[in-house]
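**Q** My structure is below; once you've seen it, I'll send some questions.
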Amino acid sequence: MLQVLPPQELANQIYYVKSLIGQYGIKVSISEMQYGYSVQGDSQMVLDAEDVVHAHELAFFDWDATTGQNAMPSLLSSTNWFVQQTHWTKKIIYTQTGWPTNANVWQPNSPNAVASVESAKAFYNLLDGACEQLKGITPQGGVGWFWHIWEDAMLDGWGLLDWNSNPKWNFAPRTGC
C-alpha cells in the first residue's frame, strides 16, 4: 500500500529541505492537484511551507469535462483557489498540464470528455491564449506552464509527439505577454 505523509509531516519535510538548500536560492515545493490538498483534510500548512505553487492542471479528469477548448472554467477555478489559499503571495506554475489525444491509459471522469488531437491542440491554444487573463488574476507575473509529457512513448496519448516522434501539432507557446 502506498504510504502518504500526513499534511503536517509533509510540511515539516518541506521546511527541512528548505533549511538545507535555502541559502542557494532554490525554491522548494511539491507538485499536486487542488484535490490533493484536501483529500487528507486541511493541508494549509503544506501550502504555507512551499515557496511556489506547482499545480497539476488536468481538466480532462473533471466531472464536467468536455473538450480542451472548454477547459477555462476548470483552470480559473483551480487557479483562483490556489491564489486565495496562498493569500496572493506565491508564484503559480502549472507543472503537470495537458490534454490526451486518446484515453488508452486513463479514462475521463466525464462521459463527455473528448480525447483527441483536436481537443489537445485546443487546450494548448487555450493555455497559450490565456496569458493576459491569468496574469491579471495571479501574483508574481502570472502563471507559468509546461506540457507534462514530451512524447506518447512516455505516456500513451499525452505526448506532444506521437509514437513515431512526429509532432501532433505545431507547439510554439508564447514565453511572455
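The values are calculated or read from the model by the stated rules, or taken from the named source; none is laboratory data. None of the values given here were measured: they were computed from a predicted structure. With ideal geometry, Cβ positions are generated from the backbone for all residues, glycine too; neighbour counts draw on all protein chains shown. In case anyone asks, the SASA skips ligands and DNA or RNA and just uses the protein heavy atoms, side chains included. Shrake-Rupley method; radii C 1.70, N 1.55, O 1.52, S 1.80 Å.
**Q** Using the structure shown, decide if Lys90 is assigned to a loop (DSSP other than H, G, I, E, B) and among the basic types (Lys, Arg).
**A** So Lys90 passes the test.
**Q** Taking Gln40 as the residue in question, decide whether it is part of a loop (DSSP other than H, G, I, E, B), surrounded by 11 or more Cβ atoms within 10 Å (Cβ to Cβ) and out of contact with any Lys or Arg (no Cβ under 6 Å at 6 or more places or on another chain). Break it down into steps so the answer makes sense when it comes.
**A** On the way: part of a loop (DSSP other than H, G, I, E, B): yes; surrounded by 11 or more Cβ atoms within 10 Å (Cβ to Cβ): yes; out of contact with any Lys or Arg (no Cβ under 6 Å at 6 or more places or on another chain): yes.
Judged against the criteria, Gln40 is a match.
**Q** Given the criteria surrounded by 15 or more Cβ atoms within 10 Å (Cβ to Cβ) and part of a loop (DSSP other than H, G, I, E, B), does Ala113 qualify?
**A** Yes, satisfied.
**Q** Take the residues in region 1-37 that are at pLDDT 95 or above and in a loop (DSSP other than H, G, I, E, B); name whichever of them is surrounded by the fewest Cβ atoms within 10 Å (Cβ to Cβ).
**A** Gly25
**Q** Of all residues in region 141-156, how many are surrounded by 16 or more Cβ atoms within 10 Å (Cβ to Cβ) and either at positive phi or within 15 Å of the chain's Cα centre (by Cα) (or both)?
**A** Of region 141-156, the ones surrounded by 16 or more Cβ atoms within 10 Å (Cβ to Cβ) are 142-145, 147-149, 151-152, 155-156.
Within this subset, residues satisfying the condition of being either at positive phi or within 15 Å of the chain's Cα centre (by Cα) (or both) are 142-145, 147-149.
Result for region 141-156: 7.
**Q** Right, here's the next one. Given the criteria surrounded by fewer than 19 Cβ atoms within 10 Å (Cβ to Cβ) and over 22 Å from Ser31 (Cα atoms), does Asn164 qualify?
**A** Here the answer is yes, as Asn164 does meet what is asked.
**Q** Which one of these does Thr138 not meet: (1) touching a residue at least 24 places away in the same chain (Cβ under 8 Å); (2) surrounded by fewer than 16 Cβ atoms within 10 Å (Cβ to Cβ); (3) within 21 Å of Ser31 (Cα to Cα); (4) not charged (D, E, K, R)?
**A** Unmet condition: (2).
**Q** Further, regarding this structure: Between a first residue in region 1-24 that is free of Cβ contacts under 8 Å to residues at least 12 places away in the same chain and among the aliphatic types (A, V, I, L, M) and a second residue that is open to solvent by less than 70 Å² (accessible area, probe 1.4 Å) and in a loop (DSSP other than H, G, I, E, B), which pairs have beta carbons less than 6 Å apart while being 6 or more apart in sequence or on different chains?
**A** Close Cβ pairs satisfying both conditions: Val17/Val28.
**Q** Would you confirm, using the coordinates I've provided, whether Gly136 is closer than 30 Å to Asp48 by Cα, small (Gly, Ala, Ser) and over 15 Å from the mean Cα position of the chain (by Cα)?
**A** Working: closer than 30 Å to Asp48 by Cα: yes; small (Gly, Ala, Ser): yes; over 15 Å from the mean Cα position of the chain (by Cα): yes.
Taking the combined requirement at face value, the residue satisfies it.
**Q** How many of the residues in region 43-55 are open to solvent by less than 50 Å² (accessible area, probe 1.4 Å) and charged (D, E, K, R)?
**A** The number of residues fulfilling the criteria is 1.
**Q** Determine which member of the set Asp42, Asp51 is acidic (Asp, Glu) and farther than 29 Å from Asn125 by Cα.
**A** One residue alone meets the criteria, Asp42.
**Q** So if I check each of Leu58, Leu76, which one is surrounded by 15 or more Cβ atoms within 10 Å (Cβ to Cβ) and either out of contact with any Asp or Glu (no Cβ under 9 Å at 6 or more places or on another chain) or acidic (Asp, Glu) (or both)?
**A** Leu58
**Q** How about region 96-110: which of its residues are open to solvent by 20 Å² or more (accessible area, probe 1.4 Å) and either in a helix (DSSP H, G or I) or closer than 22 Å to Glu32 by Cα (or both)?
**A** Gln96, Ala103, Val105, Trp106, Gln107, Pro108, Asn109
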